[in-house]
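Report on one structure; see the data block that follows.
The values are calculated or read from the model by the stated rules, or taken from the named source; none is laboratory data. What you are looking at is a predicted structure, and each value in this text was computed from that prediction instead of being measured. Every residue, glycine as well, gets a Cβ built from its backbone with ideal geometry; the counts of neighbours run over all protein chains shown. Accessible surface is based on the protein model in full, side chains and every heavy atom, while ligands, DNA and RNA are left aside. Shrake-Rupley method; radii C 1.70, N 1.55, O 1.52, S 1.80 Å.
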Amino acid sequence: MSFDAAREIMVDSQIRPNDVSDAPIVSAFLRTPREAFVPNSRKSVAYSELEIATSPGRSLWIPRDTGKLIKLAAIRPTDIVLVIGAGAGYEAALISHLSETVIALEETTELVDAMSERFATLRLDRAVAVEGNIAAGLPDQAPFDVIYVCGMVETVPDAWTAQLADGGRLATVVMEREGLGRGKVFTKAGDTVAARDGFDAFPPKFEQFNRKQAFVF
């Protein structure tokens, strides 16, 4: 089966049936070759309903979860988006079709260089890869209309919400207990940030954002 056919089947069987039928999001999935963002040994299953490790600590989620979190973020064509822990850059590539600019933040030169090469090969002129500490976000280029987090977290750093524009949204999956995570969007209004639940999911986690264990006797 060709990758183009597999991509259409993925959209028809994993994206649309999960309440992600918005035309711009569907188009972004159809225009973005998922196989370009996975290791060569995993290209044959690029469109399967699987999580795929792309580098240590980084994975592509199952397409359903990615689609639902992108929908929850409510990205607009004029938005400036920061993607945290962008990994191979798949989510940033998808979002580049929905926004004005997307900045893919990663912590190593190797990941950033690989993303930059993929973006150039795919002619994604609205996507740029940047190296930095993901826990700190990218304060020098804030504020952002949307911050999209590519790993499940137990806690959301204040540094991230501080970098939202007024009315900005932070989309992530928050682990509530073992085996249960919730897709959430945090919206900033003035000095307050309010969270809204979206959907159940349990994607790969960013361990560095675990809750600190309370001391007990």
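Structural remarks
- Base-10 log of normalised Debye intensity for segment 71-217 (one unit scatterer per alpha-carbon) at q = 0.09, 0.10, 0.14 Å⁻¹: -0.27, -0.33, -0.64
- Accessible surface for Leu138 stands near 20 Å², nearest 10, in the context of the full protein assembly shown (1.4 Å probe).
- Computed accessible area, Ser55, all protein chains, 1.4 angstrom probe, square angstrom: 30
- Antiparallel beta bridges, as assigned by DSSP with both residues in the chain, represent about 50 percent of the total such bridges.
- Inter-probe distance in nm under a simple model that places probes 7 Å from Cα toward Cβ, at Leu30 and Ser116: 3.4
- Rounded, prolate or oblate (a/c below 1.5 giving rounded, otherwise prolate when a/b exceeds b/c) for segment 65-153 by Cα gyration tensor: rounded
- In order along segment 196-205, the phi-based Karplus estimate (6.51 cos²θ - 1.76 cosθ + 1.60, θ = phi - 60°) of 3J(HN,Hα) comes to 10, 6, x, 7, 7, 6, 9, x, x, 9 Hz; Gly and Pro are listed as x.
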